[in-house]
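The values are calculated or read from the model by the stated rules, or taken from the named source; none is laboratory data. This one's a predicted model, so the numbers in the text were calculated from it and none came from an experiment. Quick reminder, even Gly has a Cβ in these numbers, built from the backbone with ideal geometry, and neighbours come from all protein chains shown.
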Amino acid sequence: MIGMQLRFEKRMMPHVPWGLVLAAVAVALIGIFNLASAARAAPLWHSQAIYLGVGLLAAGLVAAVDYRFIQRMAVPIYLANLLALVALRFFGHTAKGAESWFVLGPIRLQPAELMKLGLLLMLAKFFHDDYRPAQPSYGFRRLLLPAVLFLVPTALVLVQPDLGTAMMMLLSSLTILFFARVRWYVAAVLAAGVLVVAGVLWNDYLRDQPEPRFTLIRQHLKKHQDGRISGWFDPESDPKGKNYHSLQSKIAVGSGRLTGKGWKEGIQTGNLFLPEQHTDFVFSVWAEEHGFLACLLLLFLYGVILVSSLGVAFSARDRFGAFVAVGVAVMIFWQVFQNIGMVTGLLPVTGITLPLMSYGGSSMVSVMIGIGLLVNVAIRRHVF
Amino acid sequence: MTLGKNTPGRDLKAHYLYLGLFMFLGLLLLAANLYRLQIVHGEQLRAKSEDNYVKEVRVRADRGMIKDRRGEILVEGRPSFDVYLTPAFCQRCGEEVVPKLALWLGWDQAQRARVEQQLHEKHGTQRFQPMPVRVDLSREELDLLNAHLYELPGVDIVPVQHRNYRAGPALAHVLGYMNEISQEELSRPSAAPARYFLGDYVGRRGIERAFEWRPCPFGPCGLRGIDGASFQYVNARGEATRDKSGRIITEDKLLPIPGSNVILSIDARLQAEAERAFPGAAGAVIAVDARTGFLLAMVSRPSFDPNLLTGRVTPAQLSAIARDPLQPMVFRAAAQHYSPGSTFKTITLLAALRSGQFGPTSTVHCGGGYQLGARRWRCHKDAGHGPVDTQTSLKVSCDTYYYTVADRLGLDAIAQVGRELGLGAPTGLTHLAEVPGIMPDRAYHDRVTPGGYTKGMALNSAIGQGDVNVTPLQLLMAYAAIGNGGTLYQPQLVRRVEAPDGRVLEEFQPRVTRRLELLPEHRKIILDALVAVVNEPGGTGGRARLREVRVAGKTGTAQVAQLGKLRLKKEQMEYFARDHAWFVALAPAEEPEVAVLVLNEHGGHGGSDAAPTASAVLSKYFELKRSESALFGGERPEAPPLNEAAPPAPDPRAPERLPTTSPAPGRAGRGDGP
């Protein structure tokens, strides 16, 4: 790794965003504690602790590299990730109907997790390079390239199929676009787009119409995806079938009440009513066993991470740094929102992990690299 | 890149605020939703989470037993084990579990494919329903599966009672058999409050089917009973939660109500004797209490083994039963009709007496046949019987006499008597299927025979050939009606239904179908003639004679195939071309209390191939009766004695009715035939 410009300077230390780092480590530790209960049969928390260690190491490493080097590497990183996603179509390991893994000996890698980082770096580089003080807001023509930049990986993730991550990438990218200031008509068209999606959902799922239903998009969805959307609208309709996750998860969360049932006392958890309770549904375990107050604490910690990230972005040295920091914050936000929204029945069930809480090395390391990027941007605010 | 007015942080300043606000609102929305779930609906969702893991486990009710008249067990439950598979809990089902089951249970390819097909078809909640994959494990298979149960997630070994039909094929048509309920039947709304599940057995025939479930006067009863339930704590895989010592934790139980016992009127000992004494490959032996219509023995041969049909019957075994030329599944006693042959002459005789044109002394000359128009109807004795009076006509079974009767009376007068005696219509045998038989008359022949009715048809019918077709049970009930003075009873098999503790839930009384017009003098003429058949030299039924009791009876040899001029011996004929041998008996002849019918299909002659069986059954009947009255000394025994006409009164405090212990008849009457 020649020219990585690995260096720490003493004057950087006061700028380390300790609040952000502490909040992230706190969430990760809570996650490990929670995993010890969520996966009682297998001691997954051991591995998760190792992942945290690896993640912190990766974060430190990323923080140490001058991000101007990372800026230069953004395009290769992005392309490498795209290549990995394409390669997945041919060499991937299929689990639960989706090809989302590479198996390299003992290591199972989820390229989609790293793609998020590649995408945000690429977008940050785009908005950095494309900066025109005279034309501060973006119209359609200037948005064409960033749209291609995020739609291609989103589409590749969608066909895995991984609806959750694709949604998250789409929403994050759009948020970054909005942050970068778009023309009013772009906002209008997007609003119209949201209306169209709502209209399609209404027509395909909610409208009272005789069979056979006239549907617009529904017939193209995979069966489980279709089931999850219809289950989202009517969770009681098939409690043991397609809506099983959603219903059981809501029962688990709700039954925690104010203070929860106690660590390792969760009935839903202990009796395995919830599948994926150590990964996508890990929040339900926390909510069931520790209650509303502990959930608020967790949301507060995520809030601290988000606010500190925006602070880092605000005081970043340059546009690239600012967009990287905003990008990390936005991605963490959407992931948290989608995951907890899904666990509490606000959103349809799509596979997406809860940052720092869900079991899994790829997820942990990718979020930690994001934190490392934030630290990187923060400590170099005065370095030229 | 320089600091200054155009530093990127500056121009997007407001956007940080908007983005922060947006994220804050997002987290607030999550918090609000958590508040809604955990605080507002918390109570309710906690209750749900607790129901979640209490599983209702069915506790099967024991099925009732079927017993004979004296309480001897005919059908009972036998402990056994079935294997169930719950698709939702079966991990690596297709790859590991099914191949292992196939290996250990010795499934062939077809059986394995069937299970895999079933597994494949289950969707949604169906995947949580255990499906039976094997019934009635052998001891070795049970040990093998138990030892490897931990390798077989989703596989349960369930103790289930299986039926044990103690006597095997004997009485099988009456008792019936059971098999698995079909998916289609399960989806049908059931009248019974006891619910059925996949893998449950249902009575398919006979008593098992008729008494599966019935509304009794004192509440629900039936062989099935009502299942109970226990409530177990289970995890999402359906595994019971256990305490530290491995005991399954349950909540309270709902105790099952065991099925009721059905007490038949059949006497197992008489049944066994009838089975033993009947020499034929096919046919029927029936004994009935002539004064009540309760059946005492009912052989229908060939039979099937209900143990086989109720258990793991293979398709090969089933098709072997279906292909058997003797048709073992056919209930010959009531669901098959035959030409009655000469046994029908009794009915013709009654018609003759009723017409007033024939009396006890009416004589017909038999020259070996009867000329009607251009055709001559042959008597079975080519040389002729000479002058034949009424009694002799029955004793020697002279066809010519009855041709004469038919020629004078026509068919309708005979059919009238036949129908009054229950021929041509179902007897009303409770709980079993039967056929109506045919009692032809003019209208019948005009309808079905090309060219319509001619006198010749009356001649044929008068000797029990032609289109007359009766079921053995019909013929027996008709004889019983003549014997008891004119009451045609509905034949019944079941005396009562009892709760397992012996409480009587339902009691069956004799049911009268019809009281027919039977003048005492006509009855006497007929009975005397029937006594002569058995007891007088030259009578055709001499081999039914008993020393201790006077037996009245009639032989019959019904032609099956149209034969040429030459009369062949039985051995010279193809089995299915041989005659049916009939014998119907009433005893004691003075006041008949029991009627016995023997039909030896393609057996040959009534006198030689049916009468001895009837004799053995009657002999057994009177032997049992003597031993019972000796044993109980006239006191009322637990079970009604064989000769008791009416079933016991339901109220034990009611004044005791002593069984009518008539002195053993027969001796005194011996030898005073006409």
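Observations on the model:
- Elements of type helices (runs of 4 or more DSSP H) in the stretch B:256-342, at least 3 residues being buried (at least 20 other Cβ atoms within 10 Å of the Cβ): B:268-277, B:306-310
- Residues that are more than 16 Å from B:Phe358 (Cβ to Cβ) and either surrounded by 14 or more Cβ atoms within 10 Å (Cβ to Cβ) or touching a strand residue (DSSP E or B) at 6+ places or on another chain (Cβ under 9 Å) (or both) within the stretch B:512-530 comprise B:Val512, B:Thr513, B:Arg514, B:Arg515, B:Leu516, B:Leu527, B:Leu530, listed in sequence order.
- Meets criteria (among the small types (Gly, Ala, Ser) and assigned to a helix (DSSP H, G or I)) for B:Ala102: yes
- The set of residues from the stretch B:446-474 being more than 19 Å from B:Ser393 (Cβ to Cβ) and assigned to a helix (DSSP H, G or I) comprises B:Asp446, B:Arg447, B:Val448, B:Lys455, B:Gly456, B:Met457, B:Pro472, B:Leu473, B:Gln474.
- Selection count, the stretch A:300-318, where residues are farther than 16 Å from A:Thr175 by Cα and either among the hydroxyl-bearing types (Ser, Thr, Tyr) or touching a residue at least 12 places away in the same chain (Cβ under 8 Å) (or both): 11
- Hey, A:Tyr78 assigned to a helix (DSSP H, G or I), over 27 Å from A:Asp129 (Cα atoms) and of a type in the set (Ser, Thr, Tyr) or not: no
- Pair list, Cβ under 8 Å, 6 or more apart: the stretch B:177-194 residue loosely packed, with under 10 Cβ neighbours inside 10 Å, other residue modelled with pLDDT of 80 or more: B:Ala191/B:Trp213; B:Pro193/B:Ile226
- Scanning the stretch A:343-366 turns up one or more residues that are in contact (Cβ under 8 Å) with a residue 40 or more places away in the chain, assigned to a helix (DSSP H, G or I) and within 10 Å of chain B (Cβ to nearest Cβ).
- Qualifying residue in the stretch A:143-153 (condition: within 13 Å of chain B (Cβ to nearest Cβ) and part of a helix (DSSP H, G or I)): no
- Residue among B:Arg112, B:Arg46, B:Arg36, B:Arg70 that alone is surrounded by 13 or more Cβ atoms within 10 Å (Cβ to Cβ), at pLDDT 85 or above and at the interface with chain A (Cβ under 9 Å from one of its Cβ atoms): B:Arg36
Per-residue answers, yes or no, for (1) closer than 14 Å to B:Leu350 by Cα; (2) out of contact with any helix residue (DSSP H, G or I) (no Cβ under 9 Å at 6 or more places or on another chain); (3) of a type in the set (Ser, Thr, Tyr):
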position: B:Cys379; (1), (2), (3): no, no, no
position: B:Asp389; (1), (2), (3): no, no, no
position: B:Leu394; (1), (2), (3): yes, no, no
position: B:Asp407; (1), (2), (3): no, no, no
position: B:Ala415; (1), (2), (3): yes, no, no
position: B:Arg447; (1), (2), (3): no, yes, no
position: B:Tyr453; (1), (2), (3): no, no, yes
position: B:Asn469; (1), (2), (3): no, yes, no
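- Taken residue by residue, the stretch A:326-339 has at least one member that is closer than 20 Å to A:Asp66 by Cβ, within 10 Å of chain B (Cβ to nearest Cβ) and touching a residue at least 40 places away in the same chain (Cβ under 8 Å).
- Residues of the stretch B:373-413 satisfying the condition of being surrounded by fewer than 21 Cβ atoms within 10 Å (Cβ to Cβ) and in contact with a Lys or Arg (Cβ under 6 Å, 6 or more places away or on another chain): B:Asp412
Quick grid of which residues meet (1) within 14 Å of another protein chain (Cβ to nearest Cβ); (2) in contact with a Leu (Cβ under 8 Å, 6 or more places away or on another chain):
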position	(1), (2)
B:Gly64	no, yes
B:Thr86	yes, no
B:Pro99	no, no
B:Ala102	no, no
B:Arg134	no, yes
B:Glu141	no, yes
B:Arg163	no, no
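- Some residue of the stretch B:19-28 being within 10 Å of chain A (Cβ to nearest Cβ), surrounded by 14 or more Cβ atoms within 10 Å (Cβ to Cβ) and modelled with pLDDT under 85: no
- Just one residue in the set A:Lys250, A:Lys261 is touching an Asp or Glu at 6+ places or on another chain (Cβ under 6 Å), surrounded by 15 or more Cβ atoms within 10 Å (Cβ to Cβ), at pLDDT 75 or above and within 11 Å of another protein chain (Cβ to nearest Cβ); that residue is A:Lys261.
- Members of the stretch B:604-617 that are over 15 Å from B:Thr343 (Cα atoms), more than 24 Å from the chain's Cα centre (by Cα) and surrounded by 24 or more Cβ atoms within 10 Å (Cβ to Cβ): B:Ser615
- Considering residues of the stretch A:291-313 that are buried (at least 24 other Cβ atoms within 10 Å of the Cβ) and more than 8 Å from chain B (Cβ to nearest Cβ) only, the residue farthest from B:Glu43 (Cα to Cα): A:Val312
- Filter result for A:Met342 (more than 19 Å from B:Tyr16 (Cα to Cα) and within 12 Å of the chain's Cα centre (by Cα)): no
- Search result, residues across the stretch A:314-325 that are more than 7 Å from every other protein chain (Cβ to nearest Cβ) and either over 23 Å from A:Met357 (Cα atoms) or not β-branched (Val, Ile, Thr) (or both): A:Arg317, A:Phe320, A:Gly321, A:Phe323, A:Ala325
- Residues of the stretch B:490-500 include at least one that is in contact with a Gly (Cβ under 7 Å, 6 or more places away or on another chain) and closer than 21 Å to B:Trp582 by Cβ.
- Selection within the stretch A:264-279 - out of contact with any helix residue (DSSP H, G or I) (no Cβ under 7 Å at 6 or more places or on another chain) and either modelled with pLDDT of 65 or more or among the acidic types (Asp, Glu) (or both): A:Glu276, A:Thr279
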